[in-house]
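The values are calculated or read from the model by the stated rules, or taken from the named source; none is laboratory data. What you see is a predicted model, and the numbers here were worked out from it, not measured in a lab. Counting neighbours? That spans all protein chains shown, and the Cβs are built from the backbone with ideal geometry, glycine included.
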Amino acid sequence: MKKIYFLIMGAVAISAITGATLATAGRQTGAQNQQSIETNIPESTSIPEATAIASTVKTNNDAVEATTPQIKTQTDVAIQPKLDDFPHQRIVLVDEVNPESDFAQFRQQLREAVRSRDAEFLQSILPPNQIGIGHGISTLPDLKLENHNAPIWGWLEKALAAGCFQTINQGQPDVDPQSPGWICSTVPRDFAQQYPAPNSADGVSYELSRVIIVGENVNARSQPSLESPVVGLLSNEVVKVNRQIEEQRARERAQRGEDYSSINGWTAVILPNGKPGYMSNRFAYSPLEYQAVFGTVKGQWRLLYMPGGE
């Protein structure tokens, strides 16, 4: 019995020593892993301006369309609770285009042409002599398609990035009768439906005081520069425009003879927590943003006109 007793006690002691050794090793491994996670987190300035540009735009079959890849970084998790910790005015953007339709194929072809600044392709879908843009008429030479920084490229790039909705032909000449038309983007329509202007609004003052941020985790920066610190994160929501700063910047652009850039510029905003910030125009849509209206002429999709503008 004594031998058995000593054997049992020895086994217990060995098990205890082994367990302690494994626990110590586990703690060391966990500490090493934790240290690896912490030291590999990049600085906040390495975050892309948005994790996706239309990733939450819903289609009519509840599919999700993304015009840029969904990017997830460790920093997204690390900073999001601090940088979007304020009330939000979310907006739901609905893309009605059936991914299997001929218009979906045309839209993708046009997106690629706009991205590569293919002037020949764009001219092939324009009216022969002139096109209505905003409140005026532009001839083909006015558009300056050979200039990759011409305004129409930026207008189309944004219009095609945020979904489209179906419409009917409103008396446009040469358009195939009883054929469906499409308007891109949906942002002005969805904003007007979900955040209608109050009855007391004077003209378009309400629309000029708001901007819609389209995309997931879009950076709000302290200055109009990619090098400036990130002060907030916005995702498919409406924020106020900092009108005082925007009006001053518009005067300065006019003095320098510069045009407003719908893609490469910045919009001054007031975040929901009251802090000032700047949003990249690529993700900032005005309620009066230019839209592209498409219809078929002799069975071929054409860009008919572009309403909007401030």
Output the qualifying pairs, or none if there are none: Cβ atoms under 8 angstrom, residues six or more apart or on different chains, first residue in the stretch 116-133 and in contact (Cβ under 8 Å) with a residue 12 or more places away in the chain, second residue of a type in the set (D, E, K, R) and in a loop (DSSP other than H, G, I, E, B). Ala119/Glu146
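Does the stretch 79-99 include one or more residues that are more than 23 Å from the chain's Cα centre (by Cα) and either modelled with pLDDT of 95 or more or not hydrophobic (A, V, I, L, M, F, W, C) (or both)?
no
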Please go through the stretch 258-296 and pick out each residue that is modelled with pLDDT of 95 or more and hydrophobic (A, V, I, L, M, F, W, C). Trp266, Ala268, Val269, Ile270, Leu271, Met279, Phe283, Ala284, Leu288, Ala292, Val293, Phe294
Name the residues in the stretch 235-257 that are at pLDDT 95 or above and in contact with a Phe, Trp or Tyr (Cβ under 8 Å, 6 or more places away or on another chain), would you? Val238
Does Val269 qualify as being free of Cβ contacts under 8 Å to residues at least 60 places away in the same chain and under 17 Å from the mean Cα position of the chain (by Cα)? yes
Filtering the stretch 101-136 down to residues that are in a loop (DSSP other than H, G, I, E, B) and in contact with a strand residue (DSSP E or B) (Cβ under 9 Å, 6 or more places away or on another chain), which residue is nearest to Pro151 (Cα to Cα)? Gly134
Go through (1) touching a strand residue (DSSP E or B) at 6+ places or on another chain (Cβ under 8 Å); (2) at pLDDT 95 or above and name the single condition Glu227 misses. (1)
State the number of residues belonging to the stretch 281-302 that are among the aliphatic types (A, V, I, L, M), in a strand (DSSP E or B) and either surrounded by fewer than 20 Cβ atoms within 10 Å (Cβ to Cβ) or not assigned by TED's automatic domain parsing to the domain that holds Thr186 (or both). 1
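Taking the stretch 210-236 as the region of interest, how many residues are in a loop (DSSP other than H, G, I, E, B) and not charged (D, E, K, R)?
12
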Among the residues in the stretch 245-261, are any over 18 Å from Arg210 (Cβ atoms), among the polar types (S, T, N, Q), touching a residue at least 24 places away in the same chain (Cβ under 8 Å) and surrounded by 13 or more Cβ atoms within 10 Å (Cβ to Cβ)? yes
What is the one condition in (1) in contact with a strand residue (DSSP E or B) (Cβ under 6 Å, 6 or more places away or on another chain); (2) over 25 Å from Ile213 (Cβ atoms); (3) not in a strand (DSSP E or B) that Phe191 does not satisfy? (2)
